[in-house]
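S.K.: Quick one: structure below, then a few questions.
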Amino acid sequence: MLRFVVLGFVLSALAWPPHAQAANPGTIIAAEACFGCHGPGGLGATGGAAIAGRDKAELTAAMIAFRSNERQGTIMGRIARGYSEAEIAAIAEFIARQR
């Protein structure tokens, strides 16, 4: 079921126009999948915090904390466990560049 949710986020992200450049297209797709909950461009939505423009280190630390269950979230822990530390760093860098 979770894979279908993530797939839905990825597919919906393809509809968004490109934002700041990232290391590779996979990073852009993974980062834009976040916008399904965090609103267009990561600017916030009902139930999803605004993440656009936040500090890369802050975003990375939050994702790692979600991944290790040190930080509670509704679905973030399950999503974060799907990414390596390198992928989290790349996604955090992309989102930090959004304005």
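S.K.: Looking at the range 48-75, which of its residues are at pLDDT below 90 and open to solvent by 80 Å² or more (accessible area, probe 1.4 Å)?
M.R.: GLN72, THR74
S.K.: Still on this structure, I have one more. For residues in the range 76-99 being touching a residue at least 60 places away in the same chain (Cβ under 8 Å) and assigned to a helix (DSSP H, G or I), which is surrounded by the fewest Cβ atoms within 10 Å (Cβ to Cβ)?
M.R.: We begin by selecting, within the range 76-99, every residue touching a residue at least 60 places away in the same chain (Cβ under 8 Å); these are 78-79, 82, 87, 90-91, 93-95, 97-98.
Of the ones still in play, those that are also assigned to a helix (DSSP H, G or I) are 78-79, 87, 90-91, 93-95.
Values: ARG78: 14, ILE79: 21, GLU87: 16, ALA90: 22, ILE91: 25, GLU93: 17, PHE94: 23, ILE95: 26.
If we take residues in the range 76-99 being touching a residue at least 60 places away in the same chain (Cβ under 8 Å) and assigned to a helix (DSSP H, G or I), then ARG78 is surrounded by the fewest Cβ atoms within 10 Å (Cβ to Cβ).
S.K.: Right, another one. How do the pairs read when you match residues in the range 34-46 that are open to solvent by less than 50 Å² (accessible area, probe 1.4 Å) with residues anywhere that are assigned to a helix (DSSP H, G or I) and of a type in the set (Phe, Trp, Tyr), using Cβ under 6 Å and keeping only pairs 6 or more apart or on different chains?
M.R.: Partner pairs satisfying both residue conditions: GLY36/PHE9; GLY42/PHE35.
The values are calculated or read from the model by the stated rules, or taken from the named source; none is laboratory data. A quick note: this is a predicted structure, and the numbers were derived from the prediction, not measured. A quick note on method: Cβ atoms are made from the backbone with ideal geometry, for glycine too, and the neighbour counts reach across all protein chains shown. These accessible areas exclude ligands, DNA and RNA; they are computed on the full protein's heavy atoms, side chains included. Shrake-Rupley method; radii C 1.70, N 1.55, O 1.52, S 1.80 Å.
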